[in-house]
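These notes concern the structure reproduced below.
The values are calculated or read from the model by the stated rules, or taken from the named source; none is laboratory data. Computed from a predicted model, the values in this text were never measured in an experiment. Cβ: placed from backbone, ideal geometry, glycine included. Neighbour counts: every protein chain shown.
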Amino acid sequence: MMESGLVFDLARFSLHDGPGIRTVVFLKGCPLRCVWCHNPESQQSRPELLFSPEKCISCGECVNVCPRHVHICTQEGHRLLRDSCAGCGKCAGGCFSGALELSGQIRTVDDILNTAALDQDYYGTAGGLTLSGGEPLFQPDFTEALLKGAKARHWTTAIETCGMANPEILTRMFPWTDHWLYDIKVADPEKHLRFTGMTNDRILNNLRLLDDAGASIELRCPLIPGWNDSDSDLQAIRDLADSLKSFPAIHIEPFHPFGRGKLERLGLPGRENARIPDDKDMKRWADFLLK
Ligand code: SF4
Ligand code: SF4
């Protein structure tokens, strides 16, 4: 298959992204801008450079190889003119100290499936391929081709989605998708807009569309203390789950601050601090949601 798409990571032997042992492909590009996103390099639909100044040994190789003159090394330090970057990766390839890393590579369906096939002996009947991101439905042709290719190899398939997509795209993926790992970040539309940049009407409508079609759904809830975990937030998620015909399991994803360092490396401004959850938070969340 010649279909290709933009991928920023691939994880083998995952136990947390659907049933069984799975290979997880992380597609780049997402319509939402969650303020707590722990993979901020997943959001843009183009390759992006991550720069770690503490690793730079000022060798000047990136200055020499970059065709777009993005890197400027002076006594004051190393500056990047990121808007000029074409994402070719030449500088990262030549940076032997590891100060530069390119997030986002074009990969073909065959390349991905052949890599996943290295794990297929461990899939058993439950495991298989999971498409995550970013948002897999943001690259629908690539996602559909990966799902079809996985089914042709008799693997189970899963999509981890924020649900913000044209309903026709979900309908297209439905025959090839065994499990939907469906993000519910917050049920309240105003809070959803504040924390993600978009309201959640389409997300909730799409969830009902999948539920009506008989999909296997697990709700995935990133919880951030003080932001989206009030009693009313939690009760609204519980009520939503209870209203679905499929009685979906709820998977709690506690906030962790891994994204903060990545924002600096991407040259992006820091975001509002969030507190790391403690045992008391986790117990309260479980009491509400994991009934
Ligand atoms: S190639 Fe890497 S180590 Fe050398 S100057 Fe560029 S960023 Fe620094
Ligand atoms: S990715 Fe390519 S265009 Fe961008 S800074 Fe590196 S060498 Fe230059």
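Taking helices (runs of 4 or more DSSP H) that do not extend beyond the stretch 214-291, which have at least 3 residues that are at pLDDT 95 or above?
Filter on the stretch 214-291 gives 231-243, 279-289.
Scanning the stretch 24-58 for residues that are away from ligand 1 (no atom under 16 Å from the Cβ) and farther than 30 Å from residue 186 by Cβ returns a single hit, 47. Kindly establish whether residue 61 is at negative phi, more than 11 Å from the chain's Cα centre (by Cα) and away from ligand 2 (no atom under 16 Å from the Cβ). So residue 61 fails the test.
For the stretch 167-174, does any single residue satisfy the condition of being among the hydroxyl-bearing types (Ser, Thr, Tyr) and under 20 Å from the mean Cα position of the chain (by Cα)? No, that holds for no residue. Of the residues making up the stretch 59-73, those that are surrounded by 14 or more Cβ atoms within 10 Å (Cβ to Cβ) and either assigned to a helix (DSSP H, G or I) or within 7 Å of ligand 1 (Cβ to nearest atom) (or both) are 59, 61, 62, 63, 65, 71, 73.
Can you tell which of 133, 94, 87 is within 15 Å of residue 147 (Cβ to Cβ) and surrounded by 14 or more Cβ atoms within 10 Å (Cβ to Cβ)?
Among 133, 94, 87, only 133 is within 15 Å of residue 147 (Cβ to Cβ) and surrounded by 14 or more Cβ atoms within 10 Å (Cβ to Cβ).
Taken as a whole, the structure places residue 146 among residues that are over 17 Å from residue 14 (Cα atoms), in the same structural domain as residue 200 (by TED's automatic domain parsing), in contact with a strand residue (DSSP E or B) (Cβ under 7 Å, 6 or more places away or on another chain) and crowded, with 21+ Cβ neighbours inside 10 Å.
Could you go through the stretch 241-256 and let me know if any residue there is aromatic (Phe, Trp, Tyr) and at positive phi.
Yes, some residue in the stretch 241-256 is aromatic (Phe, Trp, Tyr) and at positive phi.
Residues checked against (1) among the small types (Gly, Ala, Ser); (2) surrounded by 14 or more Cβ atoms within 10 Å (Cβ to Cβ):
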position	(1), (2)
214	yes, no
223	no, yes
232	yes, no
239	no, no
264	no, yes
270	yes, no
281	no, yes
289	no, yes
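Taken over the stretch 81-92, the criterion of being free of Cβ contacts under 8 Å to residues at least 24 places away in the same chain and either near ligand 1 (Cβ under 6 Å from one of its atoms) or part of a helix (DSSP H, G or I) (or both) is satisfied by 83, 84.
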